[in-house]
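The values are calculated or read from the model by the stated rules, or taken from the named source; none is laboratory data. Because the structure is predicted, anything quoted here is derived from the model rather than measured. A quick note on method: Cβ atoms are made from the backbone with ideal geometry, for glycine too, and the neighbour counts reach across all protein chains shown. In case anyone asks, the SASA skips ligands and DNA or RNA and just uses the protein heavy atoms, side chains included. Shrake-Rupley method; radii C 1.70, N 1.55, O 1.52, S 1.80 Å.
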Amino acid sequence: VGFEVIKIENATQKDLKIKIDEYGQKLKTGGYEVGLFFYAGHGMQVKGNNYLIPVDATVAEENEVEYECVD
């Protein structure tokens, strides 16, 4: 179908954020009509916000989620 794939496995928080930024830039500058973000991993919802949980996250209490995960 012609999709360009940005694949990342066992991503740390930093890795996830970098690849998400890269994806956003490609959508803005690439002239794409469609974008698809697929995430197969753990996530959680806290106070109505959804978070992706990277492999290096250590969350013991709810208030740590915003510092350890990706919103």
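Among the residues in the range 52-62, are any in a helix (DSSP H, G or I) and more than 16 Å from the chain's Cα centre (by Cα)? Taking every residue of the range 52-62 in turn, at least one turns out to be in a helix (DSSP H, G or I) and more than 16 Å from the chain's Cα centre (by Cα).
Residue count for the range 1-12 under the criterion of being open to solvent by less than 60 Å² (accessible area, probe 1.4 Å) and closer than 15 Å to ILE53 by Cβ: the result is 2. I'd like the full set of residues that are of a type in the set (Lys, Arg) and out of contact with any strand residue (DSSP E or B) (no Cβ under 7 Å at 6 or more places or on another chain), limited to the range 1-29. Answer for the range 1-29, where residues must be of a type in the set (Lys, Arg) and out of contact with any strand residue (DSSP E or B) (no Cβ under 7 Å at 6 or more places or on another chain): LYS7, LYS14, LYS19, LYS26, LYS28. Say we look at the range 13-39 and pick out the residues that are under 10 Å from the mean Cα position of the chain (by Cα) and assigned to a loop (DSSP other than H, G, I, E, B); which of these is surrounded by the most Cβ atoms within 10 Å (Cβ to Cβ)? Of everything passing the filter in the range 13-39, TYR39 is surrounded by the most Cβ atoms within 10 Å (Cβ to Cβ).
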